[in-house]
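Reviewing the structure listed below.
The values are calculated or read from the model by the stated rules, or taken from the named source; none is laboratory data. Predicted model only: the values in this text are computed from it and were never measured. Ideal geometry is used to build each Cβ from the backbone, glycine not excepted, and the neighbour counts take in all protein chains shown.
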Amino acid sequence: MINFDTVSDYNDFNNHETLHPLVNVIDFSKAKVRTGEKMYFGLYCVFLKDVKCGDLKYGRNYYDYQKGTLVFVSPGQIVDVANKTEPYQPMGYGLVFHPDLLHGTTLGKTIKSYNFFSYQTNEALHLSDKERLMILDLFSKIKSELELGIDKHSKKLIATNIELFLSYCERFYDRQFITREDVNNGILEKFETLLDEYFQGDHAQVSGLPLVAYCAEKCNLSANYFGDLIKKLTGKSAQEYIQNKVIAIAKEKVFDTNKSISEVAYELGFKYPQHFSRMFKNATGYTPNEYRNLD
């Protein structure tokens, strides 16, 4: 496995000069011919590659990676290339920056909000031709700033341009959630069915309330991508969607007078009945007992 702990490490791997110790824009056509490698990143990286070089793999999952897509990697990730091809000439561009670049910047406070750095399977950003040109223009602006040399303004200007780039990526992902119906179609229906089946059996009693991560895994999506997709489709977070489902089922169950409110709470996966009562009242304005006694 190749480790990339510094920008200089990644520059050397791709045959680039280090103009700034914490950031660079990579032109992969300058790199040597190679085959797929297993790589550890201590850096933030965004790849826009123009050649098919195998399927990127995170752990046991494959990345929806093909020519002309943007791939996001955050510090601590290990990226492997499955189905390796014959030796190939890398093509395309990339942005690489060290977490230390963000210290004291606005981006340092917001970087965790860009969930796509944690997307994993079937989740790359597929760019339109117009979007691709915008991405390349933003890369060019960052590269131009690097070529001016380092001064007291460099860090702020570079971080600001990276933040602008990531904000555009966020917009493009919002567009993709809407336009890639062939990929997203059925996820919401599958989520609804999954929750129905979860509460029909004894899964809730054994495992507790369903978690967003559990539902995402069952839909073969990363938790962040799943959450962002559900938010885009419904206007509610995945957690809110689950809670609404719990309340809807609870409204039916509390009318079964053969069961105590505590029994209903345990059936729904609550460890403590008072937590169920609190959630129920917040959602309906009534305690479970008050709701049960409504005319």
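Under 9 Å between Cβ atoms, at least 6 apart or on separate chains: pull out the pairs that start in segment 251-266 with a residue that is within 17 Å of K281 (Cα to Cα) and end on any residue that is polar (S, T, N, Q) and surrounded by fewer than 13 Cβ atoms within 10 Å (Cβ to Cβ).
V254/N289; I261/N289; A265/Q274
Answer yes or no as to whether S144 is out of contact with any Leu (no Cβ under 6 Å at 6 or more places or on another chain), more than 25 Å from C215 (Cβ to Cβ) and modelled with pLDDT of 90 or more. Reasoning before the result, please.
Working: out of contact with any Leu (no Cβ under 6 Å at 6 or more places or on another chain): yes; more than 25 Å from C215 (Cβ to Cβ): yes; modelled with pLDDT of 90 or more: yes.
Yes.
Quick check on my filter: what residues within segment 198-226 are farther than 22 Å from Q176 by Cα and of a type in the set (F, W, Y)?
Selection gives Y198, F199, Y214.
Matching residues to (1) among the aromatic types (F, W, Y); (2) at pLDDT below 90; (3) closer than 30 Å to S113 by Cα:
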residue: F191; (1), (2), (3): yes, no, yes
residue: Q205; (1), (2), (3): no, no, no
residue: C215; (1), (2), (3): no, no, yes
residue: N220; (1), (2), (3): no, yes, yes
residue: E240; (1), (2), (3): no, no, yes
residue: V254; (1), (2), (3): no, no, no
residue: P273; (1), (2), (3): no, no, no
residue: Y286; (1), (2), (3): yes, no, no
residue: N293; (1), (2), (3): no, yes, no
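Could you check, for segment 162-170, whether at least one of its residues is under 30 Å from K245 (Cβ atoms) and of a type outside the set (A, V, I, L, M, F, W, C)? Walk me through it before giving the result.
Kept after step one, since they are under 30 Å from K245 (Cβ atoms), are these residues of segment 162-170: 170.
Pick out the ones that are also of a type outside the set (A, V, I, L, M, F, W, C) and you get 170.
Yes: one or more hits.
Take the residues in segment 79-98 that are surrounded by 15 or more Cβ atoms within 10 Å (Cβ to Cβ) and either among the aliphatic types (A, V, I, L, M) or out of contact with any helix residue (DSSP H, G or I) (no Cβ under 8 Å at 6 or more places or on another chain) (or both); name whichever of them is modelled with the lowest pLDDT.
Of segment 79-98, the ones surrounded by 15 or more Cβ atoms within 10 Å (Cβ to Cβ) are 79-81, 88, 90-98.
Now drop any that are not either among the aliphatic types (A, V, I, L, M) or out of contact with any helix residue (DSSP H, G or I) (no Cβ under 8 Å at 6 or more places or on another chain) (or both), which leaves 79-81, 88, 91, 95-96.
On the way: V79: 81, D80: 75, V81: 67, Y88: 79, M91: 87, L95: 97, V96: 97.
For segment 79-98, the residue satisfying everything is V81.
Against the condition modelled with pLDDT of 65 or more and assigned to a loop (DSSP other than H, G, I, E, B), how does G76 come out, does it pass? Let's see the steps before the verdict.
Numbers: modelled with pLDDT of 65 or more: yes; assigned to a loop (DSSP other than H, G, I, E, B): yes.
Criteria met by G76.
Go through segment 1-50 and count every residue that is under 25 Å from L125 (Cα atoms), surrounded by fewer than 19 Cβ atoms within 10 Å (Cβ to Cβ) and of a type in the set (G, A, S).
3
Which members of segment 91-124 meet the condition of being among the aromatic types (F, W, Y) and more than 19 Å from the chain's Cα centre (by Cα)? Give the steps one after another, and end with the answer.
Applying the first criterion (among the aromatic types (F, W, Y)) to segment 91-124 yields 93, 97, 114, 116-117, 119.
Correct list: Y93 only.
What residue, among those in segment 256-271 that are in contact with a Lys or Arg (Cβ under 9 Å, 6 or more places away or on another chain) and either within 18 Å of V212 (Cβ to Cβ) or among the basic types (K, R) (or both), is modelled with the lowest pLDDT?
Checking each candidate, the answer is K259.
When you look at D100, is it farther than 30 Å from I2 by Cβ and outside the structural domain of A223 (by TED's automatic domain parsing), yes or no?
Values: farther than 30 Å from I2 by Cβ: no; outside the structural domain of A223 (by TED's automatic domain parsing): yes.
Criteria not met by D100.
Among the helices (runs of 4 or more DSSP H) lying completely within segment 247-295, list those that include at least 3 residues that are loosely packed, with under 14 Cβ neighbours inside 10 Å. So that I can check it myself, show each step before the final result.
Working: elements: 261-268, 273-284, 288-292.
Answer list for segment 247-295: 273-284.
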